[in-house]
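The values are calculated or read from the model by the stated rules, or taken from the named source; none is laboratory data. Everything numeric here is computed off the predicted structure, so don't read it as measured data. Cβ sites come from the backbone with ideal geometry, for glycine too, and all protein chains shown count toward neighbours. These accessible areas exclude ligands, DNA and RNA; they are computed on the full protein's heavy atoms, side chains included. Shrake-Rupley method; radii C 1.70, N 1.55, O 1.52, S 1.80 Å.
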Amino acid sequence: MTVRIGVEEEFHIVEVETGRLAPRADAVLKGLPGHAFTTELQQAAVETNSGVHETLADLYDDVTSARRRLDAAASAHGLAVVAAGTVPLARADDTRPTPGRRYRRMVDDYRMVADEQLICGTHVHVDVPDRDLAVRVMCEVSPWLHALLALSASSPFWANADTGYASWRTMVWQRWPTAGPPGCFADAAEYDAVVQGLVRSGVISDVGMIYYDIRPSAHQQTLELRICDACPRAETVVLIAGLFRALVTDARARLAAARPPGCPGRHEWLRAGRQVTGRPTVPGSGGGSGAAAWRAARSGLEGALIDPGTRREAPAAQVVRGLLGRVRPALEAAGDWPTVRGLAERALADGSAAHRIRRTAHHDDLLACTDLAIAETRGEERPRPRRPAPARRVASPGQAAA
C-alpha cells in the first residue's frame with residue numbers, strides 16, 4: 001500500500017506596490033475554509049494545509065489549487081502572497097502578532113525571537129502509524145535532511161540586505177530553543193519523556209513548540225519534516241515531499257532488516273561538524289567546516305554540502321544524486337521515480353530559489369526579487385509588468401513661491 005503524504009505551506013502577505021509585509025491575515029483568510037487555511041504567529045503570514053494523498057500528482061493539484069485560492073483572496077485586497085523563507089524588504093515593525101493566548105505568551109516569553117519571526121517554511125507529513133517506529137525512522141533519515149533544505153533554500157535576503165546565505169530563514173529559526181537536529185531515541189516513551197521535560201522546565205510552553213528538523217506529530221500518526229524553507233515553485237514542494245516519503249519508506253525497510261534495530265551511528269556532525277570519532281574536523285581538510293544544516297543553509301545548491309556517507313564536503317549535485325540513488329527502490333515502488341528524478345534534475349539545472357532571487361537583485365532591485373517570488377508562487381515564469389508610477393507634476397517657480 002502506498003504511504004500517504006500531506007504538506008503545510010506558510011506564506012508571507014505583502015503589499016504589491018511596496019513589497020513590504022502587510023499584517024492582513026484576518027482579511028485574507030475571511031471566507032476561506034479554516035481547516036485548509038489558517039493564521040501563524042505573525043499577522044503577515046498565513047498557512048495552508050493540504051489534504052492527504054497517495055500520489056504526487058494529486059498532491060501537486062491540491063497545492064496549486066490552494067495557492068490559487070489564497071492568491072485570489074489576497075489580490076482582492078491589493079495584496080499578494082509569497083512562498084519563500086524570507087521576503088527581502090521585510091521589517092519587524094511592518095507586522096504584529098496574531099491575537100490569542102498562546103501567541104501572546106510566545107511573544108512575552110521570547111521577545112525579539114518572536115518579534116522577528118518573519119520567516120516561512122514548508123512542512124511535509126508522511127504516515128507512520130507506529131509511534132515507536134516513527135521515532136526510530138526519525139533517527140535513520142536525519143543525516144539526509146540537509147539535502148532537502150538545500151533544495152528548498154529561498155531566503156538570501158533579510159531586512160534589505162544580502163545575508164550571504166541561501167537560507168537565512170534557517171539561521172533565524174535556530175534561535176528557538178528546540179530548533180535543529182532531534183537526536184536519537186530508543187522509542188516513543190524516551191522521546192516523549194524528553195519533550196515533557198522541556199515543557200516542565202518552562203523552556204517551551206507546550207509540545208507544539210518542539211521545533212526539531214523532524215518530529216513525530218503530536219496530533220497525527222505521521223512523521224513531520226520541518227527543516228525546509230517555503231518554496232516559491234510548487235514543483236519544489238512536490239519534489240521534497242516525494243524524496244521525504246521515499247526516505248521514510250527506505251528507513252522502514254532498513255530498520256525491518258536490522259537485528260536488532262537501532263541508531264546507525266552518532267550524529268554530532270549534523271550539528272557540530274565533527275567526524276564519527278568525535279574529533280573536530282580541521283578546516284580545509286575536506287571534512288566539512290560546519291554543521292550539515294549550516295552548510296546547506298549557507299550554500300543551497302550552489303556550493304558544497306556534507307555527504308552523509310563520507311562526512312566530507314561534496315558538490316551539492318553529487319549529494320542530491322546520491323540521495324536519489326539511495327531511495328530509488330522506494331521511489332520506483334511508489335511510482336514516483338520518473339517524476340522525482342525529473343524534478344531533481346530541473347532543480348539542479350535551474351539552481352535554488354535563493355540563486356534565482358539573488359540573480360534578480362544583481363540585475364534589478366529587491367522589489368523585483370519580491371515580484372519574482374510572487375510570480376513563482378502563482379506558478380508563473382515571469383513577474384507581471386508593474387504599472388508605471390504616476391508622473392509627478394513639477395510646479396513652476398511662481399507656483400512654488402505661492
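Search segment 98-131 for residues being in contact with a Lys or Arg (Cβ under 7 Å, 6 or more places away or on another chain) and of a type outside the set (Gly, Ala, Ser), and hand back the single one that is surrounded by the most Cβ atoms within 10 Å (Cβ to Cβ).
Looking at the filtered set, the residue picked out is ILE119.
Residues in segment 143-151: is at least one closer than 30 Å to ALA186 by Cβ and surrounded by fewer than 23 Cβ atoms within 10 Å (Cβ to Cβ)?
Taking every residue of segment 143-151 in turn, at least one turns out to be closer than 30 Å to ALA186 by Cβ and surrounded by fewer than 23 Cβ atoms within 10 Å (Cβ to Cβ).
Would you please name the residue that is nearest to ARG226 (Cα to Cα), looking only at residues in segment 84-122 that are of a type in the set (D, E, K, R) and in a loop (DSSP other than H, G, I, E, B)?
That would be GLU116.
Where in segment 314-402 are the helices (runs of 4 or more DSSP H), entirely inside, with at least 3 residues that are more than 29 Å from ALA291 (Cα to Cα) and at pLDDT below 95?
397-401
How many of the residues making up segment 1-35 are hydrophobic (A, V, I, L, M, F, W, C), surrounded by fewer than 22 Cβ atoms within 10 Å (Cβ to Cβ) and touching a residue at least 12 places away in the same chain (Cβ under 8 Å)?
Number of matching residues: 5.
Conditions first: (1) part of a loop (DSSP other than H, G, I, E, B); (2) under 17 Å from LEU366 (Cα atoms); (3) among the β-branched types (Val, Ile, Thr). VAL81 passes all but one, so which condition is the exception?
So the condition that VAL81 fails would be (1).
From CYS184, CYS139, grab the single residue that is at pLDDT below 95 and open to solvent by less than 10 Å² (accessible area, probe 1.4 Å).
Going through CYS184, CYS139 in turn, just one is at pLDDT below 95 and open to solvent by less than 10 Å² (accessible area, probe 1.4 Å): CYS139.
Among the basic types (Lys, Arg) and touching a helix residue (DSSP H, G or I) at 6+ places or on another chain (Cβ under 6 Å): which single residue out of ARG346, ARG295, ARG312, ARG378 fits that description?
ARG378
Any chance you could count how many residues in segment 1-28 are part of a helix (DSSP H, G or I) and more than 20 Å from GLY208 (Cβ to Cβ)?
So the count comes out to 3.
Which count do you get for residues in segment 327-350 that are of a type outside the set (Asp, Glu) and surrounded by fewer than 18 Cβ atoms within 10 Å (Cβ to Cβ)?
10
Looking at ALA251, ALA241, ALA246 in this structure, which one is among the small types (Gly, Ala, Ser), over 16 Å from LEU133 (Cα atoms) and modelled with pLDDT of 95 or more?
The match here is ALA241.
Run down THR48, THR55 and say which single residue is among the polar types (S, T, N, Q), farther than 18 Å from ALA159 by Cα and buried (at least 22 other Cβ atoms within 10 Å of the Cβ).
THR48
Quick check on this structure: which one of HIS125, HIS146 is of a type outside the set (Val, Ile, Thr) and in a strand (DSSP E or B)?
That would be HIS125, the only listed residue that is of a type outside the set (Val, Ile, Thr) and in a strand (DSSP E or B).
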